[in-house]
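The values are calculated or read from the model by the stated rules, or taken from the named source; none is laboratory data. Keep in mind it's a predicted model, so treat the numbers as computed, not measured. Here the Cβ is made from the backbone with ideal geometry for all residues, glycine too, and neighbour counts use every protein chain on show. In case anyone asks, the SASA skips ligands and DNA or RNA and just uses the protein heavy atoms, side chains included. Shrake-Rupley method; radii C 1.70, N 1.55, O 1.52, S 1.80 Å.
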Amino acid sequence: MAGLFITFEGGDGSGKSTQAGLLSAWLTDAGHTVVRSREPGGTDLGVELREIVLHRKGHIAPRAEALIYAADRAHNIATRVRPAVERGEIVIQDRYLDSSVAYQGAGRVLDPKEVRDISLWATEGFMPDLTILLDLDETIGRERLDEARTKYDRLEAEEHDFHARVRAGYLALAQAEPDRFLVLSATDSIETIAAAVRARVNPLLAG
Ligand code: ADP
Ligand code: TYD
C-alpha cells in the first residue's frame, strides 16, 4: 500500500512546524510510521543548500535561488520522501513546491508557472496528497517571529509588500487546486487548527 505525502504551507510564523509536530504525534500514536521532513534542508545535502540559500551573504540571482530550492527538493524527494511513501509511510513536510511558486514568484521577476515547472522536473512530478495552507496576515506572522527570535534569514527580512504577495500567491494556488488544499486560518487556536487538520487527514488513512 502506498503511504501519504502531506505538506504544510504558509508564511513565516504561521504555525507550520507546530501543526506538523502535532499531526505527526497523533499519527504515530495511532500506529503509523511517520517521517518528518522540511524544505529547504530535509537531507544532508539540503542542510548545506539551506545554509547557502538562506544565510549566505551577498546577492543571489533570482534564477540561481530558484534552482537551489529545486536542487534541494530533487534530492529530498528522490532519496527520502518518495522511498518512504513507497514503503507505505506517511511523510509530513514543512514546505514544498508551493513555497517556491509563492516566494520566488512573489519577487515579480520570475514567472510562477516556470518556477513550478522547474520543481515538477526536479521531482518527476511528485505531488502531495494533501497540502494544508495556514493563511495568516503577514503582519501577525511578523509579530510572532519577533517574539520568537532576533535574527532573520534572507526571506524573512523582505519587505511587507513581498510577504503580502506571498500570501496572495498561496491563496491563488489553493483556489486553483481546491481538492489538494485545505486552507485554515492561522489565527485560530493551535488546538482548533489541529482538530481541523485531523478531520481532513482521517479519511485519507482508510484508503
Ligand atoms: P512556522 O513553522 O510556520 O514558522 P511555528 O510553528 O514555528 O511557525 O510558529 C511560530 C510561532 O507562533 C511560535 O512561537 C508558535 O508557538 C506560535 N504559534 C503557532 N501556532 C499558533 C497559533 N495558532 N496561535 C498563536 N500562536 C501560534
Ligand atoms: P522555513 O524553514 O519554513 O523557515 P523557518 O524555519 O525559519 O521558519 O523556510 C525558510 C525560508 O525559505 C522561508 O522564508 C521561505 C523560503 N523558501 C522559499 O523561498 N522557497 C522555497 O521553495 C522554500 C522551500 C522555502
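Placing +1 on the Cβ of every Lys and Arg and -1 on the Cβ of every Asp and Glu, with nothing else charged, gives the chain a dipole about its Cα centre of roughly 320 debye.
Gain on full extension, evaluated as 0.36 nm per residue between Glu51 and Phe162 minus their Cα-Cα distance, stands at 37.8 nm.
Computed over protein heavy atoms with a 1.4 Å probe, the accessible surface of segment 1-135 works out to 44 Å² per residue. Please report Rg over Rh for segment 68-185, where both radii come from the alpha carbon positions and Rh follows the Kirkwood definition. When Rh is taken as the Kirkwood radius, the ratio is 0.97. What trypsin sites (Lys or Arg not before Pro) does segment 101-207 have in DSSP loop regions with at most 14 other beta carbons within 10 Å? Passing sites in segment 101-207 are Arg108, Arg149, Lys151, Arg154. With semi-axes defined as the square roots of five times the eigenvalues of the C-alpha gyration tensor, the equivalent ellipsoid of the chain measures 25, 21, 16 Å, largest first. Expressed as a whole percent, the accessible area of the chain that falls on carbon and sulfur atoms is 54 (1.4 Å probe).
Under 26 Å of direct C-alpha separation, and excluding same-chain neighbours fewer than eight residues apart, Lys151 reaches these lysines: Lys16, Lys57.
For Glu158, nonlocal amide neighbours, meaning residues 5 or more places apart or on other chains whose placed amide H falls under 5 Å from its own, do not occur.
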